[in-house]
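Shown next, in structure tokens, is the structure this report addresses.
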Amino acid sequence: MTLVRWDPWEEFRSIRRAMDRLWDELVGRREPAVVEEAFTFPVDIYETDDSLVVKAVLPGLRPEDVEISVQGDLLTIKGQMKREEKVERENYHRREIRYGSCIRTLTLPVAVDADKSEAAFENGILTVTLPKAPEARAKTIKVKAR
């Protein structure tokens, strides 16, 4: 069983989003506030015989905007999405593209060898391959007949 860190602030953000949706339905469309805050991104984590693989969806980011670190059993992926264009007159009808920093810290389910880790970035998908530490690899025990 994997332990997942509980982020109490995510509960508040979830309630805020639900209240915003409810307000939009009751009152109608409102002009969203432009806030550049940290946002999160979806990840997939799976295990092979030799390694742990983490795939993260980071659309709009370039490889040089992404920072990955491993400390103990924690993997942290950070990114920074910068606004490229300068619009003199902002008269938006909808603004959903998020700018700012994104961060995700994940608890790794097995011990890994961070020094041998590799990362690849293709079409907005970051793939981090973390080789398992020798003590975390499955060991096969041969059964001898008597």
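Only the coordinates and a few stated rules stand behind these numbers; no lab work does. Nothing here was measured: the structure is a model prediction, and the numbers come from that model. Glycine also receives a Cβ, built like all others from the backbone with ideal geometry; neighbour counts cover every protein chain displayed.
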Restricting the search to segment 39-52, which residues are under 13 Å from the mean Cα position of the chain (by Cα) and not polar (S, T, N, Q)?
F39, F41, P42, V43, D44, I45
Determine which single condition P134 fails, assuming it passes every other condition in (1) in contact with a Lys or Arg (Cβ under 8 Å, 6 or more places away or on another chain); (2) more than 26 Å from P59 (Cα to Cα); (3) of a type outside the set (S, T, Y).
(1)
Condition first: in a strand (DSSP E or B), of a type in the set (A, V, I, L, M, F, W, C) and within 14 Å of the chain's Cα centre (by Cα). Now tell me which residues in segment 91-118 satisfy that.
C102, I103, L106
